[in-house]
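Asker: The structure is given below, and queries will be raised subsequently.
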Number of protein chains: 2
Amino acid sequence: MTVAASIPENYSPAQIIRAEVRAGSHKTVTANLAHGFVQANLAILPSDWADEFEHFCLANPKPCPLLARGEIGSPHFPTLGADIDVRTDVPCYRVFENGIEVSQPTDIRDFWHKDLVAFAIGCSYSFEWALLENEVPMRHLEQNNKVCTYRTNIDTTPRGRFAGKLVVSMRNFTVPNAIRAIEITSRYPQVHGAPIHFGDPSAIGIVDINQPEYGGRPDIRPGEIPLFWACGVTPQSVIESTRPPFCITHKAGHLLVTDRLNEEFRTG
Amino acid sequence: MTVAASIPENYSPAQIIRAEVRAGSHKTVTANLAHGFVQANLAILPSDWADEFEHFCLANPKPCPLLARGEIGSPHFPTLGADIDVRTDVPCYRVFENGIEVSQPTDIRDFWHKDLVAFAIGCSYSFEWALLENEVPMRHLEQNNKVCTYRTNIDTTPRGRFAGKLVVSMRNFTVPNAIRAIEITSRYPQVHGAPIHFGDPSAIGIVDINQPEYGGRPDIRPGEIPLFWACGVTPQSVIESTRPPFCITHKAGHLLVTDRLNEEFRTG
């Protein structure tokens, strides 16, 4: 029996993607899938690191907008989807021991144990969806590129053992669309909200905008302004540099597709 | 009996100002008065010009956010305040015949007649109030100056006999406060909403930002960005250049104080 044949007819696009990921038939990025559904960044930590990480997220809501925290030992996020199982529902994971990546599995059932706590963190796919719904185009999407991200000189607010620099994603717009992009994204505070900066990259410690840490070379045209958003790579970067004895995150672009709608997170 | 003695104790700050204006004891600008209450730009036209003007406002909601239209011959705006009388409640008026200013009275009872229609249009004092409530400072207020306004090269959307260029007001901010200012003002679409431009003044036809049409010389410091909002001077400017046989507006800064709260106009 194929995966497709086993998927109930009444499944939503989000449930279909999760079923395919769970069955091992979808192992690639989740960009542009399950249009309108919230996708989440994943972080899994030992329980004695969990409270500190939650405090770090709550102290840094723009880069680390916390969508859900699982119970100790539970791989489920009932508020994000009744059948979600974080051990199987992400296309590709990264497993770290003492800050060193030891595996990139497509399933973490063998790594899971009853002392782990899972966190779901909002993702810019949600506000990119909102921008597209409002007909604000983004160059990297038009060119089928990954969004450019940069490490800044801005410190996150440290909590416990978690501290580090803010990572931002950049999107460039004409001035009218930059104003629209600020208006629109400010209405989605749980998925990074409004940008933290626009214009001069050096004001936030970016030495060369043409040298992003991730993503391709940006294509910023005359009259366009770069806008910089706090990025969900920040908590991953902070976890990696904090080097807990064990942690699991997702591979970039391989996110958890939830049953929640982006529109539910709109405020006003 | 003095005016103060005749004002009932239960009057709101808005009702107190209107009573003082009506009694002729307040003849100056209304800036910084009746904190939190909506102030309105005023336009009064002959009835055979009224529908066209309303259509012009509705086609240009950013410069001309229509708050109320009175009945033909009625000087009242019941939705803005039960006792409002536009013949007496504005500190200083401008009366035009065929586009020529013929008087600046403090009371228009002698000019009023049963064929006139009054319009109340939103004002930037409301969003400036919202910015101050959110601790976003404005240089012109700190320096006790009038806001700078400029005529742009942007055409309003013409309707009937009404057409003309957009007039904008300028406020300069640091980048973080510019983002906040866009976020905040976008939530007040009935009082001009988000800016229409930021950055390069020449992109909207402003040749020299240091030469505003009204207001003092701007004080834009290194790292600050000028933001430009559609301004309530636009409808006045358009009416004057359209030259109806008769019209009445208010003198700059001498607005109608209403009973509505700015906060009522917040969306989200």
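The values are calculated or read from the model by the stated rules, or taken from the named source; none is laboratory data. Bear in mind the structure is a predicted one, so any value in this text is a computation, not a measurement. Every residue, glycine among them, receives a Cβ derived from its backbone with ideal geometry; neighbour counts consider all protein chains shown.
Asker: Filtering the range A:85-118 down to residues that are of a type in the set (Val, Ile, Thr) and either on the phi > 0 side of the Ramachandran plot or touching a Ser or Thr at 6+ places or on another chain (Cβ under 7 Å) (or both), which residue is surrounded by the fewest Cβ atoms within 10 Å (Cβ to Cβ)?
Answerer: Restricting to residues being of a type in the set (Val, Ile, Thr) and either on the phi > 0 side of the Ramachandran plot or touching a Ser or Thr at 6+ places or on another chain (Cβ under 7 Å) (or both), the top hit is A:Val95.
Asker: Among the candidates B:Leu132, B:Leu80, single out the residue that is farther than 25 Å from B:Ser25 by Cα and hydrophobic (A, V, I, L, M, F, W, C).
Answerer: Sole residue among the options that is farther than 25 Å from B:Ser25 by Cα and hydrophobic (A, V, I, L, M, F, W, C): B:Leu132.
Asker: Does the range B:193-203 contain at least one residue that is under 30 Å from B:Val95 (Cα atoms) and in contact (Cβ under 8 Å) with a residue 40 or more places away in the chain?
Answerer: Taking every residue of the range B:193-203 in turn, at least one turns out to be under 30 Å from B:Val95 (Cα atoms) and in contact (Cβ under 8 Å) with a residue 40 or more places away in the chain.
Asker: Mind listing just one residue for me: the one in the range B:216-227 that is within 10 Å of chain A (Cβ to nearest Cβ) and in contact with a Phe, Trp or Tyr (Cβ under 9 Å, 6 or more places away or on another chain) and, of those, surrounded by the fewest Cβ atoms within 10 Å (Cβ to Cβ)?
Answerer: Selected residue: B:Ile225.
Asker: Applying the selection to the range B:175-202, what residues are facing chain A (nearest Cβ under 7 Å) and not in a loop (DSSP other than H, G, I, E, B)?
Answerer: Selection gives B:Val175, B:Ile179, B:Ile182, B:Glu183, B:His197, B:Phe198.
Asker: Still on this structure: When the range B:180-215 is examined, which residues are found to be closer than 15 Å to B:Met138 by Cβ, surrounded by fewer than 23 Cβ atoms within 10 Å (Cβ to Cβ) and over 18 Å from the mean Cα position of the chain (by Cα)?
Answerer: Listed by number, the residues that qualify are B:Arg180, B:Ile184.
Asker: Quick one: how many residues across the range B:119-146 are part of a loop (DSSP other than H, G, I, E, B), in contact with a Leu (Cβ under 8 Å, 6 or more places away or on another chain) and surrounded by 19 or more Cβ atoms within 10 Å (Cβ to Cβ)?
Answerer: 2
Asker: May I pose another question? Quick one: A:Asn32 ticks every box in (1) in contact (Cβ under 8 Å) with a residue 24 or more places away in the chain; (2) surrounded by fewer than 18 Cβ atoms within 10 Å (Cβ to Cβ); (3) part of a loop (DSSP other than H, G, I, E, B) bar one, so which box is it?
Answerer: (1)
Asker: Determine if the range A:59-75 includes at least one residue that is in contact (Cβ under 8 Å) with a residue 60 or more places away in the chain and in a helix (DSSP H, G or I).
Answerer: yes
Asker: Would you please list the contacts, defined by Cβ atoms under 9 Å and residues six or more apart or on different chains, that run from a residue in the range A:112-128 that is farther than 19 Å from A:Glu264 by Cα to a residue that is of a type in the set (Val, Ile, Thr) and buried (at least 24 other Cβ atoms within 10 Å of the Cβ)?
Answerer: From residues that are farther than 19 Å from A:Glu264 by Cα, the pairs are A:Trp112/A:Ile44; A:Trp112/A:Val86; A:Leu116/A:Ile44; A:Val117/A:Ile44; A:Ala118/A:Ile44; A:Ala118/A:Val86; A:Phe119/A:Ile44.
Asker: Return the total of residues in the range B:156-174 being more than 13 Å from chain A (Cβ to nearest Cβ) and surrounded by fewer than 20 Cβ atoms within 10 Å (Cβ to Cβ).
Answerer: 7
Asker: Taking the stated definitions as given, is B:Ile154 assigned by TED's automatic domain parsing to the domain that holds B:Gly70 and either out of contact with any Pro (no Cβ under 8 Å at 6 or more places or on another chain) or of a type in the set (Lys, Arg) (or both)?
Answerer: Taking the combined requirement at face value, the residue does not satisfy it.
Asker: Looking at the range B:67-85 only, could you name the residues that are within 19 Å of B:Gln190 (Cβ to Cβ) and touching a Gly at 6+ places or on another chain (Cβ under 8 Å)?
Answerer: Matches in the range B:67-85: B:Leu67, B:Phe77.
Asker: Restricting the search to the range A:179-223, which residues are over 21 Å from A:Asn262 (Cβ atoms) and small (Gly, Ala, Ser)?
Answerer: Result: A:Gly199, A:Ser202, A:Ala203, A:Gly205, A:Gly215, A:Gly216, A:Gly223.
Asker: Suppose we filter B:Gly268, B:Gly232, B:Gly216 for residues that are under 17 Å from B:Cys123 (Cα atoms), at pLDDT below 95 and not β-branched (Val, Ile, Thr); which single one remains?
Answerer: B:Gly232
Asker: Considering B:Ala14, B:Ala40, B:Ala19, which residue is farther than 24 Å from B:Thr234 by Cβ, touching a residue at least 40 places away in the same chain (Cβ under 8 Å) and not in a loop (DSSP other than H, G, I, E, B)?
Answerer: B:Ala14 is the lone residue from the list that is farther than 24 Å from B:Thr234 by Cβ, touching a residue at least 40 places away in the same chain (Cβ under 8 Å) and not in a loop (DSSP other than H, G, I, E, B).
Asker: Further question on the same structure: When you go through B:Asn41, B:Asn60 one by one, which is the residue that is in contact with a Lys or Arg (Cβ under 9 Å, 6 or more places away or on another chain), of a type outside the set (Phe, Trp, Tyr) and crowded, with 22+ Cβ neighbours inside 10 Å?
Answerer: Residue meeting the stated conditions: B:Asn60.
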